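S.K.: Dropping a structure here in structure tokens format, bear with me for questions.
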Amino acid sequence: MKRGGDLAVAALAGIIAVPLGLVIALLIRATMGGPVIFRQTRSGRHGQEFRILKFRTMRDKRHEDEPDAPRITRLGALLRRTSLDELPQLWNVVRGDMAVIGPRPTLPEQVVHYSPRQRGRLALRPGLTGWAQIRGRNSISWPERIELDLWYIEHRTLLLDLRILLGTARMLLRPTGITAAGGVNPGFPVPTGTPAAPAPRVVLPRQATAAAPRLAREELPR
């Protein structure tokens, strides 16, 4: 979808998202305190980093070594299950950090392990949803997800974007693939034997190639 279409979708979604977001923010504040918004650095188009926004779903750690799973509150679990924790990313779309449709944004420490082909995934603005999201989401491996994203970049059309929007709507009504089997999302398969080099700021050609990722602490890329 072009920039004008992204802004139009964000404006229409905002009619519902703004009042709903205020209610969610009040509930988070009442159950977890502040901050309400979770911010995390992600890699965007051409590897340019930005701060992705999500509603907070975890309480503070009670001790340094406390794992993540017990920190997810009942409200946080509901927000994740319904993807409502992603609502603040509409602001990322308005800012131009993200698009409505595209590969989901991943962590810079994942991007350093991308192969030259996988870096083609950075050719577009990352999206709120995408082809890989409706074809398996976290239930499929990172290599599979990346190939789906590369396929989308090479074949994207308005008709395909509409198909993705319809598929996303169905997934919101009947959530699937939020977590992998066993409730643990797969990490990015880091190549062994060669230390990772810093991620170069490569300006990619407008044609496709692709990209892949690993996992974060407070929130997994999804």
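The values are calculated or read from the model by the stated rules, or taken from the named source; none is laboratory data. Keep in mind it's a predicted model, so treat the numbers as computed, not measured. Using ideal geometry, Cβ is built from the backbone for each residue, glycine included, and neighbour counts are taken over all protein chains shown. Side chains are part of the model used for accessible areas, which takes the heavy atoms of the whole protein and leaves out ligands, DNA and RNA. Shrake-Rupley method; radii C 1.70, N 1.55, O 1.52, S 1.80 Å.
S.K.: May I ask you to list pairs of residues, at least six apart or on different chains, whose Cβ atoms are under 9 Å apart, with the first in region 15-42 being over 16 Å from Leu53 (Cα atoms) and modelled with pLDDT under 95 and the second being in a strand (DSSP E or B) and hydrophobic (A, V, I, L, M, F, W, C)?
M.R.: Met32/Met58
S.K.: Which of (1) among the β-branched types (Val, Ile, Thr); (2) over 30 Å from Pro116 (Cα atoms); (3) open to solvent by 40 Å² or more (accessible area, probe 1.4 Å) is the odd one out, the single condition Thr41 does not satisfy?
M.R.: Condition (2) is where Thr41 drops out.
S.K.: Of all the strands (runs of 3 or more DSSP E) wholly in region 1-117, which have at least 2 residues that are touching a strand residue (DSSP E or B) at 6+ places or on another chain (Cβ under 6 Å), of a type outside the set (Gly, Ala, Ser) and farther than 23 Å from Asp149 by Cβ?
M.R.: On the way: elements: 37-43, 49-55, 99-101.
By residue number, 37-43.
S.K.: Give the residue, chosen from Asp85, Asp97, Asp60, that is out of contact with any His (no Cβ under 6 Å at 6 or more places or on another chain), open to solvent by 50 Å² or more (accessible area, probe 1.4 Å) and among the charged types (D, E, K, R). Even if it seems obvious, please write down each step before you answer.
M.R.: Numbers: Asp85 fails: open to solvent by 50 Å² or more (accessible area, probe 1.4 Å); Asp97 fails: open to solvent by 50 Å² or more (accessible area, probe 1.4 Å).
None of the other options fit; the residue is Asp60.
S.K.: Same structure, new question: Sort out which residues of region 136-172 are open to solvent by 40 Å² or more (accessible area, probe 1.4 Å), of a type outside the set (Gly, Ala, Ser) and under 16 Å from Ser83 (Cα atoms), and write them in order of number.
M.R.: Leu165, Leu166, Arg170, Leu172
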